[in-house]
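Okay, handing you the structure first.
The values are calculated or read from the model by the stated rules, or taken from the named source; none is laboratory data. Since we're looking at a predicted model, the values are computed, not measured. So basically every Cβ, Gly included, is an ideal-geometry build from the backbone, and we count neighbours across all protein chains shown.
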Number of protein chains: 2
Amino acid sequence: MVATSSFVISLVFSSCCFVLLLGVYIISSRQPGNVLIYYPRRVLLNEDPCTILKSRGPFTWATEAWSATEDELVAAAGLDATVYLHLFTAALEIILLSAIFCVPVLVSLSATSGYNAMEEKMNPRASFSGFDNLSMGNVEPGSTKLWGFLIGMFWVSLVTYFVLWRSYRRIVLLRIRQQKSAIARPHEFTVLVKDLPKPTVHETQSDQVDSFFRMVHPGAYDRCIVVNDLRKVEKLYKELEKTLRELEHTEALFELSKEKGNFKRVRPMHKTGFLGCVGPVVDNIHYLKSRIRELTSQFEEEQKRLLETEESNTALVIFNNRRSAAQAGQVVHAPHAPYWRVTPAPEPNELVWRNLHISAWEHWLRKIVVYVPTFLIVVAYAIPILLVASLLSLRNLEDILPFLKSITKHKAIHDILQSDDDANAPSPSLINGDTLDARSGTSTGRQGLLPQICLLIFLALPPKLMFILSKAEGFSAQSRIVRSASAKYFYIIIFNVYFGVTIFGTIFANLSSIKHMVDQDQFLVARLIRLLGSQLPPVAMYYITYIVLKFCIGYGFELSRLVSLTSYHVKRKFKCQAEWEKFESWAPGAFTYHQSIPNDLLILTLALCYAVIAPMILIFAFLYFLLGWLVQRNQALNIHVPDWESNGSLWPHIHHRILAALLAAQITAVAYFAVKEFLFTPILLILPLLTLVFHVYCKRTWRPLIERVSLFMATEEVTVQPSTTTVVAAYTPIYLRADAARIHDQASTQ
Amino acid sequence: MVATSSFVISLVFSSCCFVLLLGVYIISSRQPGNVLIYYPRRVLLNEDPCTILKSRGPFTWATEAWSATEDELVAAAGLDATVYLHLFTAALEIILLSAIFCVPVLVSLSATSGYNAMEEKMNPRASFSGFDNLSMGNVEPGSTKLWGFLIGMFWVSLVTYFVLWRSYRRIVLLRIRQQKSAIARPHEFTVLVKDLPKPTVHETQSDQVDSFFRMVHPGAYDRCIVVNDLRKVEKLYKELEKTLRELEHTEALFELSKEKGNFKRVRPMHKTGFLGCVGPVVDNIHYLKSRIRELTSQFEEEQKRLLETEESNTALVIFNNRRSAAQAGQVVHAPHAPYWRVTPAPEPNELVWRNLHISAWEHWLRKIVVYVPTFLIVVAYAIPILLVASLLSLRNLEDILPFLKSITKHKAIHDILQSDDDANAPSPSLINGDTLDARSGTSTGRQGLLPQICLLIFLALPPKLMFILSKAEGFSAQSRIVRSASAKYFYIIIFNVYFGVTIFGTIFANLSSIKHMVDQDQFLVARLIRLLGSQLPPVAMYYITYIVLKFCIGYGFELSRLVSLTSYHVKRKFKCQAEWEKFESWAPGAFTYHQSIPNDLLILTLALCYAVIAPMILIFAFLYFLLGWLVQRNQALNIHVPDWESNGSLWPHIHHRILAALLAAQITAVAYFAVKEFLFTPILLILPLLTLVFHVYCKRTWRPLIERVSLFMATEEVTVQPSTTTVVAAYTPIYLRADAARIHDQASTQ
């Protein structure tokens, strides 16, 4: 029972961390000086800090989050955030409904069995924790009790279908409420047209678009905006902005030093060469001002050029009514070639201007090119995970690198690295085909804290990289980039955590026996599968500690915003001088969906996969999503401010991945039931087929209702219709606006 | 070299059959009495039989077929037939371009190797035909020559992509030419709306449709036709028609007997009971007349009921311009639930009236229900094929059923059943892991004619059954039924011929060695794969004889129409009395796509899969498609008359299956190169990925252009626009027409 105690230690440690972080939140969120960190969204809405803090108890955040309705969430954080929060609701529903059957029935079935005890008798090296006795591993192979687990798998699947179906319907209704209540917005009148053919020599691109759309949409076409390649002007704009900010910072610093009567009172100087280390010394302020003059003229020149020429194959087409725009966005326009691809326009904020000129062909090519590094990362990220997995069974590592023994012989170090691995010597019985017994592997020793923290850190790194890769693919809408990045990270996380830990972990743990098998030329795939299968229940305990760590530390940090809080106060104290710096020190930002969605989905995947094999995991997964639900709702209500809105386009993405998780669970179940020598295992093969059918059903029935605007909605009477000028203004990128003024004014005063 | 000689015998036999059938065609097609069989399409166009036959040489059919342009084909046989014929063009292009590299380069690479000879020396039981030496099997494992084959696989893949891409473009252009030239047709103004919600109590279904469409398509909506459940009226109509025909037949028979002054001159009588064997004797003519009166009143009652009530959830909606109809067919209408599913209406002839009232939900359910028997047939059809495969190696059969020896010891019987199997004793070396040698299997003995004819007959049976199953799924359009039936038959044929013959054939051939392995508990998947892989080149020869048999006999019969010719003359002589019987005896019918497409695709699959492994197959596949191209063009020009037109919707179906065949070829290549111990085999893994990318590209870019009507085309000026009355008349099923007259008139005269 060593393993259980180390498991409990790990749970206690995580809980303590959480209580600590909750304490930090409760205390610091009531300091008026921290209002900008804990209620930035409300500060941005010009609420008074005192009213915000007035009459708030230590748990007001939780009750507020609990009682907020969906419509309130949409009003506060937008539809996308609400859809993301619905992931938690759906997960809670799935887990709760699954647990109703799985926890009481299956756990008692397991607890009344005695396979583990028998194993321990047969093989003195095998060791099982008390926790292991509550999982399917404790049931005797071929026992009739397995029927209960089979029914459990069906129950979990049906529950998931039901919840997913209901969620889809709910999201669709939510979207419609949103569309109905809203005043008509510019994107409802606009479509994005890509892959325009080259115009003839006698006409400009906009002439061509004009005549084409006037013909196919008589009476409804209003005007078009041809979108040029904006990369150069964007670059100049950003550089100008950066230089202006630098100037502001330098001037503020200089003023400060004058006020304080500080030492020297000299104007700040720097060297112009590489990294400010070489080259002639110049006066910072003078230098920056001249650089701004230079950039401004370059920028204005480029802006003028862009406004005069039309060299692109992309245009935004504006209609004078919503119905025509909705129709145009869904219809094939070109007769016989891949030209005139019309799609509904994303909202202005959501457009990725620098990617708009990219043709479908180039977009394809970019996608394929990006596919290569993504694939490599998915696979190669297994290497650090492999190292982690090898740490999991330190004893094996010591076998390979004997010098480690001299380090780990110190009890303290050893304990942190690995709680126990006395029982983990690979069993020689593995090699004898008849009495194949793979349970003696490791896995009971996987509750060590260090490897898990390791894993958490490793998995926090890739999202940013994935986002950059997805951006390079050339999508026109921010939400597409986020979805693509999220999909990539989901692959990494599932491949590495779910498959990686189980498969590589088992292989490493049994390294010497596998080596022995290979040496003797008796390496059999069937035996390997059996070995992997038998590892499933013990691994569950590892995942439970992972889940607990994740919600205690993860959501603890999320709620307390410890990192933001510290950096805010540090920056305030030592760095911030200019206005923009002050704002940036507390700017709340939006949800980083591409990071959080895959992480949450991973927990749901683990819960679904182990719902039947080790039902106790459901309780911890439930706690994860419950805490997540509260914390993220609080974040949505008080902190994050969305940069853009894609009107719920995230749901199909989430839906598909939950369904994929279910499929993984079903396939795992088939394999594990087979390992358990259950005669009726083939009945389980119905489930993957059902999942497939459900997937196609949802794709055909519900997805179009989220991806497109129905004609019925588009025909609704509009109360306030934006004028053409408003729409055109909304769809003019900031670089081309006359009111790139903020920069111009500042630049002209120099 | 026994095998080669039996291979030659089989080729000679097939060729003789073909020459014979060609002779039959040349002679009988020039008899004026056979004009109705060989030129029915032209007779139906009221061409004079004499002008048809005048100045036709014996090979005019071939030159005519050769020189017909695509537009002529469209005019004569419709777009669907032209698209089907394009399958032959595409296959010819793929095979020819592949052969340019594969035949000269790869065959010479194989011919200059000597692995087979070495094998024969090593293992005296192994025997290879001269033909086997021209295949990749003859190249030494791990040899650098394998690079040539690797390049060959890339070449074949690239060629296929190129041809498929060009074909898609061609079909799209063809479709557009067709749309442009045509006078506007009723289906261009119509959409099909399914899953209407229940109307409120205050309105009828058509009121509801009216108000909805008037709102979302203001100004463009014309009127709607609510389609009720027509199954009962269809049944009554068919029964009435059948009884009328029976009466006509009986009367004609009676007249004839009167004229001829034949024996008895009694009126025909029959018993009314079961199968005309029991019950009271009645006068046929009287009985039929009273039955007709009864049916007519029932039919008219049902017709009246249908015209008065509206109880269905399906409607046809007619617009007053093509543009609006084209838009409506592509746009989501309902705001938030799976209602108001609008799709472009099929042409009136293509509609399956009895399925129109089926809701999407029921359609789904039916699809799933039909899936089960389909799956069982796909798998269970392997049983007869397995028997065939077991016949292939008679010796093994004799091992199992020793009494067979007493039959097959007669030389003649033995020779027909199997040309040779002296070399086929399972090699004991299989069992020793080190000197694993699987080549000694059988397969050289697979050229026997009997098993192949067996296979041909077995595979001719399922298409009709698949058609019935697909019809039961509840599709609204004939072309969808045909495509679904074709897909099902394609699975059967590929699963059974391609996988079945190779895998089951090999297993049966090596039954005793496999049994030995299993007995000794040494059954290894890796060995089995290696065994299967090594069987690939020898099986090629079996497939070549299959291809030759198929095009000689298959297209020989197709061209000579021997079956139709015989049945025509027999019926003429002994049976036909009534007008409808005379017509039915020569009615040409349409192409049976669901039978011919999978068969042609099978040959293409074989050609692609063996293009690199045994390149000689390309020559025979080329002959198959060349002959098929000529014969089917002739059939399109002179014989078949289409029942309906789906405007080229068959091409995506064909395209996907060619691509699937290529994928199968690529996966086969990966496996076989691995068996050949080629170090750079992983390079081949790029190809399946490329295929996937190409598939997605085509699906996104080209498929919408075939499945939908582009707005540009729909906006084209219409020269002749059908009136609303014309459109409504076209979309009134024959059972509800006032001119169900043909029947009414006849019925009322009784």
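Please go through the range B:191-225 and pick out each residue that is hydrophobic (A, V, I, L, M, F, W, C), under 14 Å from B:VAL342 (Cβ atoms) and within 39 Å of the chain's Cα centre (by Cα).
B:VAL191, B:LEU192, B:VAL193, B:LEU196, B:VAL209, B:CYS224
Among A:THR691, A:THR681, A:THR701, which is the only one that is modelled with pLDDT of 90 or more and buried (at least 17 other Cβ atoms within 10 Å of the Cβ)?
Residue meeting the stated conditions: A:THR691.
Just one of (1) at pLDDT below 90; (2) within 30 Å of A:HIS363 (Cβ to Cβ); (3) in contact with a Ser or Thr (Cβ under 6 Å, 6 or more places away or on another chain) trips up A:LEU192, so point out which.
Going through (1) at pLDDT below 90; (2) within 30 Å of A:HIS363 (Cβ to Cβ); (3) in contact with a Ser or Thr (Cβ under 6 Å, 6 or more places away or on another chain) one by one, A:LEU192 breaks only (1).
Please tell me if B:GLU645 is more than 26 Å from B:LEU96 (Cα to Cα), part of a helix (DSSP H, G or I) and either among the acidic types (Asp, Glu) or outside the structural domain of B:TYR84 (by TED's automatic domain parsing) (or both).
So B:GLU645 fails the test.
Which of (1) assigned to a loop (DSSP other than H, G, I, E, B); (2) modelled with pLDDT of 90 or more; (3) within 14 Å of chain A (Cβ to nearest Cβ) does B:PRO615 not meet, given it meets every other one?
(3)
Mind telling me which of the residues B:ALA77, B:ALA91, B:ALA81 ends up being over 22 Å from B:ARG561 (Cα atoms), in contact (Cβ under 8 Å) with a residue 12 or more places away in the chain and buried (at least 21 other Cβ atoms within 10 Å of the Cβ)?
Result: B:ALA91 is the single residue among B:ALA77, B:ALA91, B:ALA81 that is over 22 Å from B:ARG561 (Cα atoms), in contact (Cβ under 8 Å) with a residue 12 or more places away in the chain and buried (at least 21 other Cβ atoms within 10 Å of the Cβ).
Out of curiosity, is B:ARG214 out of contact with any Cys (no Cβ under 6 Å at 6 or more places or on another chain), of a type in the set (Lys, Arg) and either touching a residue at least 60 places away in the same chain (Cβ under 8 Å) or more than 12 Å from every other protein chain (Cβ to nearest Cβ) (or both)?
no
Right, here's the next one. When you go through (1) among the hydrophobic types (A, V, I, L, M, F, W, C); (2) more than 10 Å from chain A (Cβ to nearest Cβ); (3) crowded, with 20+ Cβ neighbours inside 10 Å; (4) within 21 Å of B:LEU604 (Cβ to Cβ) one by one for B:ALA664, which number turns out not to apply?
With (1) among the hydrophobic types (A, V, I, L, M, F, W, C); (2) more than 10 Å from chain A (Cβ to nearest Cβ); (3) crowded, with 20+ Cβ neighbours inside 10 Å; (4) within 21 Å of B:LEU604 (Cβ to Cβ) applied to B:ALA664, the lone miss is (3).
Within the range A:668-676, identify whether any single residue is in a loop (DSSP other than H, G, I, E, B), over 22 Å from A:ALA326 (Cα atoms) and away from chain B (no Cβ under 14 Å), and answer yes or no.
The answer is yes; a qualifying residue exists.
Okay, moving on. Could you say whether any residue in the range A:713-724 is within 14 Å of another protein chain (Cβ to nearest Cβ), of a type in the set (D, E, K, R), more than 30 Å from A:PHE162 (Cα to Cα) and free of Cβ contacts under 8 Å to residues at least 60 places away in the same chain?
yes
Looking at the range A:148-161, is at least one residue modelled with pLDDT of 90 or more, within 12 Å of chain B (Cβ to nearest Cβ) and over 29 Å from A:VAL332 (Cβ atoms)?
no
For the structure I just gave you, tell me whether B:ARG169 is within 14 Å of another protein chain (Cβ to nearest Cβ) and buried (at least 17 other Cβ atoms within 10 Å of the Cβ).
No.
Continuing with the same structure: Inside the range B:191-211, can you point out the residues that are part of a loop (DSSP other than H, G, I, E, B) and within 13 Å of another protein chain (Cβ to nearest Cβ)?
B:ASP195, B:PRO197
Then there is this: Going residue by residue through the range B:319-328, is there one that turns out to be crowded, with 19+ Cβ neighbours inside 10 Å, more than 30 Å from A:GLU716 (Cβ to Cβ) and more than 10 Å from chain A (Cβ to nearest Cβ)?
Checked against the condition, which is being crowded, with 19+ Cβ neighbours inside 10 Å, more than 30 Å from A:GLU716 (Cβ to Cβ) and more than 10 Å from chain A (Cβ to nearest Cβ), the range B:319-328 yields no hits at all.
A further question on this structure: Would the range A:572-587 turn up any residue that is in contact with a Phe, Trp or Tyr (Cβ under 7 Å, 6 or more places away or on another chain), assigned to a helix (DSSP H, G or I) and at pLDDT 85 or above?
Checking the range A:572-587: not a single residue is in contact with a Phe, Trp or Tyr (Cβ under 7 Å, 6 or more places away or on another chain), assigned to a helix (DSSP H, G or I) and at pLDDT 85 or above.
Return the residues of the range A:199-224 that are out of contact with any strand residue (DSSP E or B) (no Cβ under 6 Å at 6 or more places or on another chain) and of a type in the set (S, T, N, Q); say none if nothing qualifies.
Within the range A:199-224, A:THR200, A:THR204, A:GLN208, A:SER211 meet the criteria.
Restricting the range B:94-118 to residues that are crowded, with 21+ Cβ neighbours inside 10 Å and of a type outside the set (A, V, I, L, M, F, W, C), which is farthest from B:PHE625 (Cα to Cα)?
Top of the filtered list is B:ASN116.
If you don't mind, there's one more thing I want to ask. Within the range B:485-550, considering only helices (runs of 4 or more DSSP H) that don't extend past its boundaries, which have at least 2 residues that are at pLDDT 85 or above?
In the range B:485-550, B:525-549 are the helices (runs of 4 or more DSSP H) which contain 2 or more residues that are at pLDDT 85 or above.
Hey, another quick one. If you go through the range A:342-363, how many residues are out of contact with any Ser or Thr (no Cβ under 9 Å at 6 or more places or on another chain) and within 12 Å of chain B (Cβ to nearest Cβ)?
2
Oh, and also: Go through B:LEU623, B:LEU679, B:LEU630 for me and flag whichever is touching a residue at least 12 places away in the same chain (Cβ under 8 Å), in contact with a helix residue (DSSP H, G or I) (Cβ under 8 Å, 6 or more places away or on another chain), farther than 23 Å from B:TYR39 by Cβ and assigned by TED's automatic domain parsing to the domain that holds B:PHE467.
Unique residue meeting the criteria: B:LEU623.
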